[in-house]
Amino acid sequence: QVQIVESGGGLVQPGGSLRLSCVVSGISISYYTTGWYRQPPGKQRELVATITRAGRKNSSDSVKGRFTISRDVVRNTMYLQMNSLRPEDTAAYYCNVEVGGNNYWGKGTLVTVSS
């Protein structure tokens, strides 16, 4: 059974940094595309960044240069380093693993950027 648990969210001031973690169990993340998504209040869920099985990274234009996705295949954990945070980054952040067309999601971690 695939289980995904995100952590690391919280309240941060504009310009600050946070690092989100996503622990995956039940499968090895090294075999699949994994990613971070977010859902701002009152809006739809959107892509933040992904990393493929081969390690190729992709991120949305809104976070390029500020957010970095990474993974530790030994710990089976993904990370999202978020720098230069802005109020518009406020959202629930979700970790995703795509397995053979099926998408597995965690319950999310809330990030609030506010002074």
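The values are calculated or read from the model by the stated rules, or taken from the named source; none is laboratory data. Since this is a predicted model, take the numbers as computed values, not measurements. Positions of Cβ are backbone-derived with ideal geometry, glycine not excepted, and every protein chain shown enters the neighbour counts. Calculation scope for accessible area: heavy atoms of the full protein, side chains included, ligands and nucleic acids excluded. Shrake-Rupley method; radii C 1.70, N 1.55, O 1.52, S 1.80 Å.
Summary table below
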| quantity | calculated |
| --- | --- |
| Pick from segment 56-76, criterion among the hydrophobic types (A, V, I, L, M, F, W, C) and open to solvent by less than 60 Å² (accessible area, probe 1.4 Å), ranking: nearest to the chain's Cα centre (by Cα) | ILE69 |
| Test: residue in segment 77-96 that is within 21 Å of GLN3 (Cβ to Cβ) and open to solvent by 70 Å² or more (accessible area, probe 1.4 Å) | no |
| Complete set of residues in segment 1-55 that are surrounded by fewer than 16 Cβ atoms within 10 Å (Cβ to Cβ) and assigned to a strand (DSSP E or B) | GLN3, VAL5, SER7, GLY10, LEU11, ARG19, SER25, GLN39, GLU46, LEU47 |
